[in-house]
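Let me begin by presenting the structure, written as structure tokens, before commenting on it.
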Protein chains: 4
Amino acid sequence: MPVMNDEVPDEGDYDAGRARGEFDNITPEDFIHGGGSGHSNPPGWLGREDIGRIRRQVPIPYVEIVPVRTDDLGRVSQVGSLLRVSENGSIERTLVTGRVLFHETLREAIARNIAKDLGDIALPLLPASLQPFTVAEFFPTPSLSEYYDPRQHAIALCFVVPIAGDCKPQDETLDVEWVDPKSELMETFISQMTNGHDRIVRQALAWAGV
Amino acid sequence: MPVMNDEVPDEGDYDAGRARGEFDNITPEDFIHGGGSGHSNPPGWLGREDIGRIRRQVPIPYVEIVPVRTDDLGRVSQVGSLLRVSENGSIERTLVTGRVLFHETLREAIARNIAKDLGDIALPLLPASLQPFTVAEFFPTPSLSEYYDPRQHAIALCFVVPIAGDCKPQDETLDVEWVDPKSELMETFISQMTNGHDRIVRQALAWAGV
Amino acid sequence: MPVMNDEVPDEGDYDAGRARGEFDNITPEDFIHGGGSGHSNPPGWLGREDIGRIRRQVPIPYVEIVPVRTDDLGRVSQVGSLLRVSENGSIERTLVTGRVLFHETLREAIARNIAKDLGDIALPLLPASLQPFTVAEFFPTPSLSEYYDPRQHAIALCFVVPIAGDCKPQDETLDVEWVDPKSELMETFISQMTNGHDRIVRQALAWAGV
Amino acid sequence: MPVMNDEVPDEGDYDAGRARGEFDNITPEDFIHGGGSGHSNPPGWLGREDIGRIRRQVPIPYVEIVPVRTDDLGRVSQVGSLLRVSENGSIERTLVTGRVLFHETLREAIARNIAKDLGDIALPLLPASLQPFTVAEFFPTPSLSEYYDPRQHAIALCFVVPIAGDCKPQDETLDVEWVDPKSELMETFISQMTNGHDRIVRQALAWAGV
């Protein structure tokens, strides 16, 4: 069953709250200006119809974050993944991901999405450079690419972000699980990721030299 | 005076053809499906109103290419820049840049934009990896970032692409000029670029070790 | 049986010619200055004893190249590997690799090692930037790292280099074989590589997004 | 006047202690095994003659670190540089730099050199990936490259490392100074660096998007 959050409706990265229809009478401007009715949506947030239409017209920029724990020499000692309730009600394993909002910097998008999924005291150590370790192109056509997103054509800039603080699952996130990248469990976790997120983890580990 | 091209109206990267109004009765779908009336617009091309509206709602993904000539050891021996007629009729120096269209891969966007500006026999050597040397975030608010684009919030993935063939200017491009990155003329050319494109050239040269 | 090459003794990347002893009366300076007796060793080449001693005192800088064929959009369509006779007489699959010589640039080292293994008309397209996709640290202690080199502590800067020309095996190289990175044969080839070169190919493919 | 440190003689990155001759009767093995006479040299440390000879025969692998302070979004807010006494007794501005010792990993070399120059509570945040932002090739011939090192041919892997703790100058380091990369003082500091270290700072800032 989807986890709801009536105060801060998520725009629809995983759309768990999308079926509710409670925002049908709110104009996009409410969301763009971040205002209205006590909702604390970030500026740039769009209504369901608007984002739905735009998603059929232009590629949508995303950030995708592989959260890691590192040791004192910077080596990746643990890789984090999220358990979430997907649109169809099943549980899925995924990464921290979300679209970049209008007038939001990439760094703000990374920090906002980490806070949304891992909580406010995760203390992410954002990279000094915005050079992503890879760019994943998700297409709504299954066969076109190994990255598949039925909702949209998304261009995801992928970053490895060390997490120095404590994580507590937020919103639709049921749990955050950490695993040693050299353990057998890592393979199990990767195999549970779908639509190309598994590939992104493998590329992150290759890039980090694990 | 803007250079027009009646057969292949450009969607508006520099909007030279935007004032004509001749497409007002063409629906966005015509452009999304790349069809209609003998026009050879690429699939994903959008009408003026559609792209204008979307540009106020979401960040737009771009590719920005620094064309270079390299010697037999791969060192950058020349850097290319374009002379174009800007929207206000003045001549500006810029790079090869364009937005990524719906359902278009980054590689296709790079190749298409190079062909559009440098012609079909430029023989670009696209990089083996899509890891950009930097990501430039253009905002419509002048003070927010050193990258400024009055039309939109654009997220530009920046690549250095060696050009092995011959270039002939296309469409709104008046000329393609090459300059030795170690010459004094390089500084002059960079100083003629505006809105952050100068920064991108400097970052490209730093990345290439010139 | 090792393949010998009396005219151009290889310094010992694979040391096939090292047992001969024919250079015992040639001083290191002969090699450093690239001279002497009709031999065409490159400047910086060291005698067996010298390089052997140094290898126990400092890490040795290497370049390691994954040769690829790319299509017109820059995507890796084939990955090359070499079949060589190893020191113990068995045949091994490996990459293009060699140490950087004194007073030699990285670009020269890359070009020289490609020419040594793939011939003079391989037409390698060296990268515009010297940022390696990874750095592999080989240690002479088997358990210390997944990269193992019994001869030395080597620090290998790893590059993917597209090959545009024709290859003909040189020196100790018996054959150059190309394989589609998406084919099953790729896995077979990778599994035949040892001492960490398999890892480097995997990291190259992850970096190239294959 | 050079700053001496009798307890932990530095091998000679800046050779302040090299003129003393007090180690003439210590064999290289003492240093390779890190032992002897109460000295706490790291394993792999070489005697003056040994390292001097090797420096004329092979390129020497180095790490070069640009220390930075970052804000909570990972942006570089300050760049650190060191004031040191050079071999000829003058004061020079430089970065954290040192060679990689035999059997030492790059991460250990980065951590050791930061501790050597900035102290034990600097709390450096080493990068998750060993992909350097650039590789600087120093040659002993002034005209060959913009990176010049009269002692040797050095291949320096360059990293930006955020410093989270407190710095206190160590050994030959007189002071550690921090400057806002957007301030005018940054240009002054860069202009005070010589032999190519200025270039490395510029490349670091370009890579970090400052």
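Annotations for the structure displayed:
- Mean silhouette area of region C:156-210, derived from the convex hull of its C-alpha atoms and averaged over all directions, reads 4.7 nm².
- Cut-off 14 Å (backbone N to label point 7 Å along Cα→Cβ of C:E177), residues of region C:185-210: C:185-194
- Selection among A:N88, A:A115, A:A128 by position relative to the dipole of region A:59-207 gives A:A128 as farthest towards the positive end (Cβ unit charges, Cα centre).
- Counting, for every residue in C:133-143, the Cβ atoms of other protein chains within 10 Å of its Cβ and taking the mean gives 4.
- A label point on A:D71, set 7 Å along the Cα-to-Cβ line, lies at 3.4, 4.2, 4.4 nm from each of its counterparts in the other copies, closest listed first.
- The share of accessible area on region B:59-207 that comes from carbon and sulfur is 50 percent, using a 1.4 angstrom probe.
- Sorted shortest first, the separations between the A:P142 label point and its copies elsewhere in the assembly read 4.6, 5.2, 6.9 nm; each point sits 7 Å from Cα along the Cα-to-Cβ line.
- Region D:59-207: antiparallel DSSP beta bridges as a percent of all, rounded to 5: 70
- Rg/Rh, computed from the Cα trace of region B:59-146 with Rh as the Kirkwood radius, has the value 0.97.
- Here region C:59-207 is assigned +1 on the Cβ of each Lys and Arg and -1 on the Cβ of each Asp and Glu. Its dipole about the Cα centre then comes out at about 260 debye.
- The mean count of C-beta atoms from other chains within 10 Å of the C-beta of residues in D:96-108, rounded to a whole number, is 4.
- In the assembly of identical copies, D:D180 has its label point, taken 7 Å from Cα in the direction of the beta carbon, separated from the corresponding points by 3.9, 4.7, 5.8 nm (ascending, one decimal).
- Buried accessible area, chains D and C (both chains, 1.4 Å probe, Å² to nearest 100): 2900
- Note on region C:112-163: Cα Rg divided by 2.2 N^0.38 Å, N the number of residues, gives 1.40.
- Where region C:59-207 is the region considered: accessible area per residue in Å², 1.4 Å probe: 35
- Between region D:123-139 and region D:142-210, the alpha-carbon centres lie 12 Å apart.
- Nonlocal amide H pairs with D:E64, under 5 Å, H built at 1.01 Å: D:L157, D:C158, D:F159
- Pairwise Cα inverse-distance average, inverted: Kirkwood Rh of region C:59-207 (Å): 15.5
- Over 19 Å between alpha carbons, listed pairs B:K116/B:K182; A:K182/C:K182; C:K116/C:K168; A:K116/A:K182: B:K116/B:K182; A:K182/C:K182; A:K116/A:K182
- Pairwise FRET efficiency - B:S86 versus A:R53, Cβ, R0 = 22 Å, nearest 0.05: 0.10
- One residue of chain D places its C-beta nearer than any other to the axis carrying D onto A; that residue and its whole-Å distance are D:L125, 3.
The values are calculated or read from the model by the stated rules, or taken from the named source; none is laboratory data. None of the values given here were measured: they were computed from a predicted structure. Glycine gets a Cβ as well: all are built from the backbone with ideal geometry, and neighbour counts include every protein chain shown. The protein model used for the area step is the full one, side chains on, heavy atoms only, and it has no ligands, DNA or RNA in it. Shrake-Rupley method; radii C 1.70, N 1.55, O 1.52, S 1.80 Å.
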